[in-house]
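Peer 1: What follows is a structure written as structure tokens; I'll ask about it next.
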Amino acid sequence: MSAVADYLHQNEDRLLSELQELLRIPSVSTLPERKEDVRRAAQWLQRRLTAAGCTTAEVQETGGHPIVYGEWLGAPGKPTILVYGHYDVQPVDPLHEWKRPPFEPVVEDGKIWARGASDDKGQVILHVNALEAHLKANGTCPVNVKLLIEGEEEVGSDHLEPYIEKNKARLAADAVVVSDTAFFAKGVPSICHALRGLAYFQIDVRGTDTDLHSGTFGGSVMNPAFALVHLLAQLKDKKGKVLVPGFYDKVRKLSKAERKAFASLPHSDRKWAKAIGAPELFGEAGFTTLERIWARPTLEINGIWGGFQGEGAKTVIPAEAHAKISTRLVPDQTPKEIARKVETYLKKIAPKAVKVTVRELHGGEAWLADTDHPALQAASRAVKRAFGKSPVFQREGGSIPVIAAFGRILKIPSVLMGVGLNDDNLHAPNEKMDLEQFLRGNAAAAYLMEELGGREEPAHVPRMRRKTA
């Protein structure tokens, strides 16, 4: 492995320069005018996979933005890993808040600043670099490697699950490896073993055919905006508890050991509040901040609109009002079931003077992994070798819906070995990747391949089953 580590060290400048090339491509998947840029990013990755040593590297059509697929299967009898990531990025609005141009990557203060630096271009490329290092330094790799890199993660991955279903045989592997998460903090290496699910809705409230004069008609009709805020106010109580009947029915209770493990982490509510500019923190009573964001379901209002919102005055009763809400779910809660309960409740409490429509826009299942699984233990050893200390196992409050799909369709475990940091400004202005995290992340990805390939595994740790390429 020293030859692989030496190769990564000797090629640091080139690997960083190549990442900058990818970051310069504005692959914003949600903007139609960036469609060709998204394709350019896919084509760039195809060339990069070929240069790294993949014997197959393809840009595959999906009906939306393309998927990049690559493979190196030159280790018969060894395990096969499927690396998943995405090359599309979020929009950059508001542009005026960026201190540097979002698609002109700058290395400054020990960080690389650009949209996609951490989410997810700077992380998915770690595994490409690791594969190249093994092949160039040793002429082989300890595991077989398949790579599935999509271009629609930031817009819901609509075409990904059908692609996985259609290509089950080609994607067969022993484990999925994903780097799209963050350390608990710099100096506190972490491996994520749980994700919350998601159910996302739009609520539409309609009163009359058109907006009405508030003097002529005020007092004679129900105002949809008032109806909407009354509905929203009845979704949670003042202590943060969700009031939808049955919302908590399937929520697993945290064990004493889990609560103790959460409490042992170096978290400060005061520092957390200060970092985000909040006067104080708030959440469901009876739980700590980490318990709320990792292991409890939530319901949040994401946006409200309706009526006149321009300069000056326009005295109208709006014909309609709208809101978007999201629920984050925990294991055993399903998006469909929660969507049904939310819709049933809202329609039950809605006034008859307005029409209420609830539309489910997006959903994804929660995911929870066994930290004793050989693949996760291999990742733990790899991170320790790269970062100098054993990682903690933590949960993540966000959602990566495809992780549950990999388990359901391919019947294989997932390893979430991200090396980002919580202050990387994902989805926000001034996104960055810490250079030390990037360079050590290259090594961690290479060590993981070695660990999964069977490097002196302790006798008491079960080995991954071997697939013949």
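Peer 1: If only one of VAL402, VAL330, VAL415 is in contact with a Ser or Thr (Cβ under 8 Å, 6 or more places away or on another chain) and buried (at least 21 other Cβ atoms within 10 Å of the Cβ), which one is it? Talk me through it step by step, then tell me what you get.
Peer 2: Details: VAL330 fails: in contact with a Ser or Thr (Cβ under 8 Å, 6 or more places away or on another chain); VAL415 fails: in contact with a Ser or Thr (Cβ under 8 Å, 6 or more places away or on another chain).
From the options VAL402, VAL330, VAL415, the qualifying one is VAL402.
Peer 1: Condition (residue is touching a Gly at 6+ places or on another chain (Cβ under 9 Å), among the aliphatic types (A, V, I, L, M) and in the same structural domain as PRO331 (by TED's automatic domain parsing)) applied to the range 226-234: is it met by at least one residue? Steps first, please.
Peer 2: Just the residues of the range 226-234 that are touching a Gly at 6+ places or on another chain (Cβ under 9 Å), to begin with: 227-228.
The next check asks that each one be among the aliphatic types (A, V, I, L, M); those that pass are 227-228.
Now drop any that are not in the same structural domain as PRO331 (by TED's automatic domain parsing), which leaves 227-228.
Yes, the range 226-234 contains a residue that is touching a Gly at 6+ places or on another chain (Cβ under 9 Å), among the aliphatic types (A, V, I, L, M) and in the same structural domain as PRO331 (by TED's automatic domain parsing).
Peer 1: Can you find a residue in the range 97-105 that is under 26 Å from GLU365 (Cβ atoms), surrounded by 22 or more Cβ atoms within 10 Å (Cβ to Cβ) and not aromatic (Phe, Trp, Tyr)? Even if it seems obvious, please write down each step before you answer.
Peer 2: So the first thing to find is which residues in the range 97-105 are under 26 Å from GLU365 (Cβ atoms), and the list is none.
Among the residues of the range 97-105, not one is under 26 Å from GLU365 (Cβ atoms), surrounded by 22 or more Cβ atoms within 10 Å (Cβ to Cβ) and not aromatic (Phe, Trp, Tyr), which makes the answer no.
Residues checked against (1) under 16 Å from THR140 (Cα atoms); (2) small (Gly, Ala, Ser):
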{"position": "SER2", "(1), (2)": "yes, yes"}
{"position": "TYR7", "(1), (2)": "yes, no"}
{"position": "SER27", "(1), (2)": "no, yes"}
{"position": "GLN43", "(1), (2)": "no, no"}
{"position": "THR50", "(1), (2)": "yes, no"}
{"position": "CYS54", "(1), (2)": "yes, no"}
{"position": "VAL59", "(1), (2)": "no, no"}
{"position": "LEU73", "(1), (2)": "yes, no"}
{"position": "LEU95", "(1), (2)": "no, no"}
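Peer 1: Being surrounded by fewer than 16 Cβ atoms within 10 Å (Cβ to Cβ) and touching a strand residue (DSSP E or B) at 6+ places or on another chain (Cβ under 7 Å) is the filter; apply it to the range 337-356 and report the residue that is nearest to HIS193 (Cα to Cα).
Peer 2: LYS347
Peer 1: Among the numbered conditions (1) within 19 Å of the chain's Cα centre (by Cα); (2) in a loop (DSSP other than H, G, I, E, B), tell me where CYS141 comes up short.
Peer 2: Only one criterion in (1) within 19 Å of the chain's Cα centre (by Cα); (2) in a loop (DSSP other than H, G, I, E, B) is unmet by CYS141, namely (1).
Peer 1: In addition: Taking the criterion of being in a helix (DSSP H, G or I), surrounded by fewer than 16 Cβ atoms within 10 Å (Cβ to Cβ) and not β-branched (Val, Ile, Thr), would at least one residue in the range 164-180 satisfy it?
Peer 2: As a first pass, look at the range 164-180 and keep what is in a helix (DSSP H, G or I): 164-166.
Those left that are additionally surrounded by fewer than 16 Cβ atoms within 10 Å (Cβ to Cβ): 165-166.
Now restrict to residues that are not β-branched (Val, Ile, Thr): 165-166.
Yes, some residue in the range 164-180 is in a helix (DSSP H, G or I), surrounded by fewer than 16 Cβ atoms within 10 Å (Cβ to Cβ) and not β-branched (Val, Ile, Thr).
Peer 1: Please specify each residue of the range 109-138 satisfying the condition of being in a loop (DSSP other than H, G, I, E, B) and under 17 Å from the mean Cα position of the chain (by Cα).
Peer 2: Step one: filter the range 109-138 for residues in a loop (DSSP other than H, G, I, E, B), giving 109-110, 114-120.
If the condition is that a residue be in a loop (DSSP other than H, G, I, E, B) and under 17 Å from the mean Cα position of the chain (by Cα), then ARG115, GLY116, ALA117, SER118, ASP119, ASP120 are the ones that fit.
Peer 1: Could you tell me whether GLN309 is surrounded by 19 or more Cβ atoms within 10 Å (Cβ to Cβ) and either in contact with an Asp or Glu (Cβ under 7 Å, 6 or more places away or on another chain) or among the polar types (S, T, N, Q) (or both)? Write out each step before concluding.
Peer 2: Details: surrounded by 19 or more Cβ atoms within 10 Å (Cβ to Cβ): no; either in contact with an Asp or Glu (Cβ under 7 Å, 6 or more places away or on another chain) or among the polar types (S, T, N, Q) (or both): yes.
Judged against the criteria, GLN309 is not a match.
Peer 1: Here's a follow-up. Just name the residue that is farthest from LEU135 (Cα to Cα) out of those in the range 57-107 that are in contact with a Lys or Arg (Cβ under 8 Å, 6 or more places away or on another chain) and acidic (Asp, Glu).
Peer 2: Selected residue: GLU104.
Peer 1: Considering every residue within the range 159-179, establish whether at least one is without any contact (Cβ under 8 Å) to a residue 60 or more places away in the chain and at positive phi.
Peer 2: Checking the range 159-179: not a single residue is without any contact (Cβ under 8 Å) to a residue 60 or more places away in the chain and at positive phi.
Peer 1: Scan the range 28-81 for residues that are more than 19 Å from LYS146 (Cβ to Cβ), free of Cβ contacts under 8 Å to residues at least 12 places away in the same chain and of a type in the set (D, E, K, R) and jot them down.
Peer 2: Result: GLU33, ARG34, GLU36.
Peer 1: If we keep just the residues of the range 346-379 that are free of Cβ contacts under 8 Å to residues at least 12 places away in the same chain and not in a loop (DSSP other than H, G, I, E, B), which is nearest to the chain's Cα centre (by Cα)?
Peer 2: Looking at residues that are free of Cβ contacts under 8 Å to residues at least 12 places away in the same chain and not in a loop (DSSP other than H, G, I, E, B), I get LYS347.
Peer 1: A follow-up question, please. Tell me, yes or no, whether the range 259-277 has at least one residue that is among the small types (Gly, Ala, Ser), on the phi > 0 side of the Ramachandran plot, surrounded by fewer than 17 Cβ atoms within 10 Å (Cβ to Cβ) and under 24 Å from the mean Cα position of the chain (by Cα). Please lay out each step first, then the result.
Peer 2: Taking the range 259-277 and keeping what is among the small types (Gly, Ala, Ser), we get 261, 263-264, 268, 273, 275, 277.
Still in the running and on the phi > 0 side of the Ramachandran plot: 277.
Subsequent filtering for residues that are surrounded by fewer than 17 Cβ atoms within 10 Å (Cβ to Cβ) retains 277.
Filter once more, keeping what is under 24 Å from the mean Cα position of the chain (by Cα): 277.
The answer is yes, given that some residue of the range 259-277 is among the small types (Gly, Ala, Ser), on the phi > 0 side of the Ramachandran plot, surrounded by fewer than 17 Cβ atoms within 10 Å (Cβ to Cβ) and under 24 Å from the mean Cα position of the chain (by Cα).
Peer 1: What are the residues in the range 190-217 that are part of a strand (DSSP E or B) and out of contact with any strand residue (DSSP E or B) (no Cβ under 6 Å at 6 or more places or on another chain), if any? Walk me through it before giving the result.
Peer 2: Here is the first cut: in the range 190-217, the ones part of a strand (DSSP E or B) are 190-195, 197-206, 212-213.
Result: HIS213, single match.
Peer 1: Check whether at least one residue in the range 373-383 is of a type in the set (D, E, K, R), surrounded by 16 or more Cβ atoms within 10 Å (Cβ to Cβ) and out of contact with any Cys (no Cβ under 7 Å at 6 or more places or on another chain), and report yes or no. Even if it seems obvious, please write down each step before you answer.
Peer 2: First pass over the range 373-383, keeping only residues of a type in the set (D, E, K, R): 381.
Still in the running and surrounded by 16 or more Cβ atoms within 10 Å (Cβ to Cβ): 381.
Those still in the list that are out of contact with any Cys (no Cβ under 7 Å at 6 or more places or on another chain) too: 381.
Checked the range 373-383: at least one residue is of a type in the set (D, E, K, R), surrounded by 16 or more Cβ atoms within 10 Å (Cβ to Cβ) and out of contact with any Cys (no Cβ under 7 Å at 6 or more places or on another chain).
The values are calculated or read from the model by the stated rules, or taken from the named source; none is laboratory data. Given the structure is predicted, the values throughout are model-derived calculations rather than measurements. Glycine gets a Cβ as well: all are built from the backbone with ideal geometry, and neighbour counts include every protein chain shown.
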